[in-house]
Number of protein chains: 2
Amino acid sequence: MEVVNPQHLPFELTKEFLEEIKLLIAEQSNEAILAKIEDLFAADITSILDELSGEEAKYIVQLLDTKLAAEIISTLDSDDRKKFLKNFNSKEIAGYINVIDSDDAVDILNEQPVRVREEVIALLKDREQARFIIDLMHYDEDCAGGLMQKELIKINVKQTVTECVEEIRRQAEDVEKVYAVYVVDDDGLLMGTVSLKKIILAKRGSKIQDVFDADGIVSVQTYISGEEVADLMQKYDLEAIPVVNIQGRLLGRITIDDVVDFITESAQEDIQVMAGISEDVEEDDSIWLLVRSRLPWLIGGMVGSFLAAKIIDRFDSSISLMPAISAFIPLIGSTGGNVGIQSSSLIVQSLADKSGLDTTLWKRLQKVLLVALINALIAAAFAFGCSMLVDHGAIMLSVTVSISLFAVVMLASLMGTLTPLVLNQLNINPAVASGPFITTTNDILGYGVYFLIVYLLL
Amino acid sequence: MEVVNPQHLPFELTKEFLEEIKLLIAEQSNEAILAKIEDLFAADITSILDELSGEEAKYIVQLLDTKLAAEIISTLDSDDRKKFLKNFNSKEIAGYINVIDSDDAVDILNEQPVRVREEVIALLKDREQARFIIDLMHYDEDCAGGLMQKELIKINVKQTVTECVEEIRRQAEDVEKVYAVYVVDDDGLLMGTVSLKKIILAKRGSKIQDVFDADGIVSVQTYISGEEVADLMQKYDLEAIPVVNIQGRLLGRITIDDVVDFITESAQEDIQVMAGISEDVEEDDSIWLLVRSRLPWLIGGMVGSFLAAKIIDRFDSSISLMPAISAFIPLIGSTGGNVGIQSSSLIVQSLADKSGLDTTLWKRLQKVLLVALINALIAAAFAFGCSMLVDHGAIMLSVTVSISLFAVVMLASLMGTLTPLVLNQLNINPAVASGPFITTTNDILGYGVYFLIVYLLL
């Protein structure tokens with residue numbers, strides 16, 4: 001028994017390793033390449049492929065056995081995979097699709113042009129896999145149906161533990177991670193589960209109905225959203241959740257690894273929305289995509305600012321007489337924006353947590369307004385002091401700035417609270433309300449309030 | 001076999017259910033209470049307790065058996081738990097700590113005052129649990145040592161599958177989720193794992209060394225950060241990862257449920273940092289905490305705005321002559337802020353993904369500046385058109401606004417790219433750079449540039 005990595009520490013890709021691999025590919029030293037990579041995990045080989053050219057990557061993948069190659073393809077990032085699979089014909093793709101989990105197979109096929117997709121399904125040797133794929137294809141990818149895989153082990157409640165072990169043996173190849181065996185009745189309705197631990201400890205002849213767990217299970221229906229699935233699996237600490245149809249018939253299962261990916265992607269999406277980036281982009285995407293993803297909110301913000309310019313322009317005679325008024329425009333704008341984002345992000349977070357069963361809108365607003373009131377008083381006092389300093393004791397101007405700031409903090413808190421609630425009601429991601437939308441809206445409102453008060457007091 | 005919830009759908013807490021529970025508590029109808037809740041999962045009972053008073057919650061917990069009660073306590077949110085456990089004495093707390101996983105036990109004890117902590121450890125009946133807790137207590141809570149639990153099943157490589165099954169039976173109570181059995185040598189060094197599936201399928205008399213998996217395992221050392229553990233478990237689709245010391249001796253394991261919680265909390269933290277909230281707060285925290293968490297960035301932003309006011313004030317004579325200059329102050333400020341956040345959030349994201357092995361700083365900047373250049377040109381052209389509209393054809397002013405905006409977009413992109421990279425080097429969470437910090441900095445820089453160009457051209 002040769003131990004390559006006795007401490008089992010994670011593989012780290014270095015530049016030297018990469019140079020060596022590239023050299024070996026150029027020399028076509030197949031055995032040397034295999035010796036270097038065959039003990040690595042699929043995800044590690046993927047990280048190597050990410051740094052190679054399309055042809056180099058294809059060269060390596062074709063050296064590996066089909067199962068490992070297929071696993072590597074399923075760990076590639078969606079954009080990279082689309083490019084990479086262009087190097088393969090439908091028959092080659094079908095060879096890989098044949099041996100991977102049905103949920104990954106559907107993800108890969110959905111990235112392909114319709115013609116390739118149809119060809120691959122027709123060419124699949126494993127007809128059960130083809131049926132699984134066709135079954136899964138019509139679910140939306142962000143709901144439970146789209147996240148589930150068909151691979152699972154199920155057993156009729158009337159069977160015995162011995163038969164259950166035989167079923168596990170029969171499917172050992174297809175179902176890599178088992179966790180638990182699902183128990184169904186004659187109609188395929190989900191009744192419960194038996195954990196592998198229980199199977200190990202049970203007498204072989206025992207009946208499933210005497211050992212299975214009928215209560216300790218939660219299932220979801222196919223139309224449940226990915227967020228809800230993630231919340232449930234997190235709440236109940238599940239590593240897999242069964243998916244049923246409306247009658248309760250077992251259709252598939254969702255495993256925690258897919259849900260973890262889903263959680264990470266959703267969090268990243270929220271952060272991008274908050275940053276005013278309108279498409280799902282990464283730093284290494286094309287220049288054009290990066291430009292395009294930023295323009296909508298950039299232009300949107302500018303339109304808002306020109307509306308603000310229109311408002312300010314109406315007060316040009318006051319500004320002409322007392323130019324110091326304009327010095328506080330940034331204060332009004334940025335404080336309104338900051339307060340708006342602070343308020344909305346808390347609401348977005350508690351909407352996501354679904355906390356607060358009996359928090360009525362009114363109770364929520366009372367609390368928000370109380371916090372806003374305290375902050376507004378502190379901000380107004382601070383602003384009074386500072387503007388006295390900036391303008392060497394121009395009391396009326398300082399009073400005006402201070403009152404305006406008070407109004408802006410209150411208004412921005414209210415907007416920051418109501419906007420995500422309204423968006424949520426309209427089924428729009430409420431995180432939009434923590435982005436440039438709220439800062440732009442609050443800017444315009446803020447300047448309106450400021451110049452109104454300037455007009456009234458000065 | 002009575003099936004309460006035949007479709008195994010998740011429990012949903014309603015107001016009616018809650019009213020009924022409160023009534024039953026007031027009536028002290030213990031059996032009726034138990035009948036209503038004993039089939040629920042711990043997490044569901046927790047969601048009920050969240051809506052009850054401290055005394056009502058204690059009443060319910062004391063009706064339940066110790067194991068379930070302990071599980072409920074470990075699913076409570078940290079702040080709630082601190083309050084809740086004030087109702088119990090050290091002996092009662094020790095009774096619960098006795099039966100829960102060591103990692104949760106340490107989390108709970110770390111929330112308690114030192115005196116309670118010491119008393120509870122001294123009062124633990126299960127001395128192995130006490131040893132586990134003392135072992136785990138000195139690790140930082142955000143590293144692998146702080147996330148791991150001591151409960152796991154391990155077997156010597158020289159033993160047999162039969163002995164392994166006996167070991168599982170012996171520890172069935174203590175180790176709820178097994179996943180795999182860890183294989184160690186005589187010195188306790190981690191050699192590999194055997195999955196439960198393999199144990200089920202192996203002949204009972206087989207030797208562990210003939211069936212175990214020596215390659216298919218990754219471990220981490222105690223000092224590895226929680227983020228890295230999460231990345232590894234996600235990369236390799238693991239449901240548990242073993243933790244070893246520097247010699248490779250097996251110390252514990254981290255299970256995926258704890259890592260999922262960690263991922264969610266980190267994402268929430270980043271969003272709060274971006275929103276300019278300086279402490280980990282939720283909507284239902286106290287008014288004082290909510291006020292305090294917002295003040296630092298609120299005041300920070302205001303200080304920035306007063307610096308901007310100082311700059312603008314120096315140009316009061318120009319503004320007096322041409323008040324329209326001040327109408328474009330919001331445009332300069334908000335565009336700079338928006339561009340800065342867009343740029344920094346992409347960098348923060350790729351720092352988190354650790355993507356781009358050979359992306360040197362220079363390559364990164366080239367790309368960022370190219371994207372910025374295109375956006376800056378589009379923004380400048382748009383601004384020229386709009387300011388001509390706002391000011392009815394004041395060409396020189398429109399040229400000034402347009403050039404300034406170009407400079408501001410370029411500068412803000414550069415700042416948005418460099419700031420998170422610098423913060424990351426300084427070991428500060430780079431998400432700070434996507435919050436009010438970057439908007440404030442870009443505001444001040446932007447106004448400086450704008451008025452410099454005003455000074456040069458007008």
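Run the dipole for the protein assembly as shown about the Cα centre, Lys and Arg Cβ at +1, Asp and Glu Cβ at -1, nothing else charged, and hand back the magnitude in debye, nearest 20.
1940 debye
Between copies, how far apart are the B:Glu269 label points? List them in nm, one decimal, shortest first, with each point 7 Å from Cα toward Cβ, please?
Nearest to farthest, the other copies are at 2.4 nm.
If the cut-off is a Cα-Cα distance under 17 Å, which aspartates and glutamates reach A:Lys86, setting aside same-chain residues fewer than 8 apart in sequence?
The reachable aspartates and glutamates, counting only those whose Cα sits under 17 Å from A:Lys86, are A:Asp50, A:Glu55, A:Glu56, A:Asp77, A:Asp107, A:Glu111, A:Glu118, A:Glu119.
Straight-line reach from B:Lys154: which lysines have a Cα under 17 Å away, not including same-chain ones fewer than 8 places off?
B:Lys154 reaches A:Lys197, B:Lys177, B:Lys197, B:Lys198, B:Lys207.
Suppose R0 equals 56 Å. What FRET efficiency, 1/(1 + (r/R0)^6) with r the Cβ-Cβ distance, do B:Leu18 and A:Met137 give to the nearest 0.05?
0.85
Say a site is exposed when it is one of the GluC sites (Glu not before Pro), sits in a DSSP loop, and has at most 10 other Cβ atoms within 10 Å; what is then the longest site-free stretch of chain A?
A:174-458
State which helices in chain A qualify, where a helix is a whole DSSP H run, it must extend 18 Å or more along its own axis by its Cα atoms, and its mean Kyte-Doolittle hydropathy must be at least -1.0.
Flagged H segments are A:256-274, A:287-313, A:329-353, A:361-390, A:395-425, A:436-457.
Ignoring ligands and nucleic acids, what accessible area does B:Ile100 show with a 1.4 Å probe (Å², nearest 10)?
20 Å²
Heavy-atom accessible area of B:Leu458 with all protein chains present, probe 1.4 Å, nearest 10 Å²?
Near enough 80 Å² of accessible area.
Shielding by partners for A:170-178, please: the mean number of other protein chain Cβ atoms within 10 Å of each residue's Cβ.
Partner Cβ neighbours, averaged per residue: 2.
Per residue of B:437-444, what is the mean number of Cβ atoms on other protein chains within 10 angstrom of that residue's Cβ?
2
So if R0 is 25 Å, what FRET efficiency would A:Lys363 and B:Gln62 give, r being the distance between their Cβ atoms, rounded to the nearest 0.05?
0.25
Which whole number gives the average, over all residues in A:316-324, of C-beta atoms from other chains lying within 10 Å of the residue C-beta?
5
Enter the Cα centre distance for the pair the range B:80-153 and the range B:316-340, rounded to the nearest angstrom.
What the calculation gives is 58 Å, centre to centre.
Got a sec? What order do B:Asp174, A:Asp80, B:Asp284 fall in by accessible area at 1.4 Å, biggest, i.e. largest, first?
B:Asp284, B:Asp174, A:Asp80
Sequence-distant or interchain residues sharing an amide H contact under 5 Å with B:Leu251, placed H: which?
Distant-sequence amide H within range of B:Leu251: B:Val243, B:Val244, B:Asn245.
Looking only at Cα atoms, what is the convex hull volume of chain A per residue, in Å³?
It comes to 223 Å³ per residue, whole-number rounded.
With both partners inside the protein assembly as shown, how many of the DSSP beta bridges are antiparallel, as a percent to the nearest 5?
Of those bridges, close to 75 percent are antiparallel.
Per the 1.4 Å probe, what fraction of the accessible area of the protein assembly as shown, in percent, lies on carbon and sulfur atoms?
56 percent
How much of the DSSP beta bridge set in the range B:122-266 is antiparallel, as a percent to the nearest 5?
Just about 75 percent of them are antiparallel.
What dipole magnitude, in Debye to the nearest 20, does the range A:287-457 give about its Cα centre under +1 on Lys/Arg Cβ and -1 on Asp/Glu Cβ?
Using Cβ point charges on Lys, Arg, Asp and Glu, the range A:287-457 gives about 380 debye.
Give me the lysines in straight-line cross-link reach of A:Lys15: C-alpha distance below 16 Å, same-chain residues under 8 apart excluded.
Straight-line reach from A:Lys15, under 16 Å: A:Lys36, B:Lys354.
Considering amide H positions built from the backbone, and no H for Pro or chain starts, which residues 5 or more places from A:Asp285, or on another chain, come under 5 Å of its amide H?
Sorted by chain and number, the residues that satisfy this come to none at all.
What nm distance separates the two modelled labels at B:Ile395 and A:Asn156, each placed 7 Å from Cα along Cα→Cβ?
9.0 nm
The values are calculated or read from the model by the stated rules, or taken from the named source; none is laboratory data. What you see is a predicted model; the values in this text were computed from it and never measured. Positions of Cβ are backbone-derived with ideal geometry, glycine not excepted, and every protein chain shown enters the neighbour counts. The accessibility values were calculated without ligands, DNA or RNA, using every heavy atom of the protein model including side chains. Shrake-Rupley method; radii C 1.70, N 1.55, O 1.52, S 1.80 Å.
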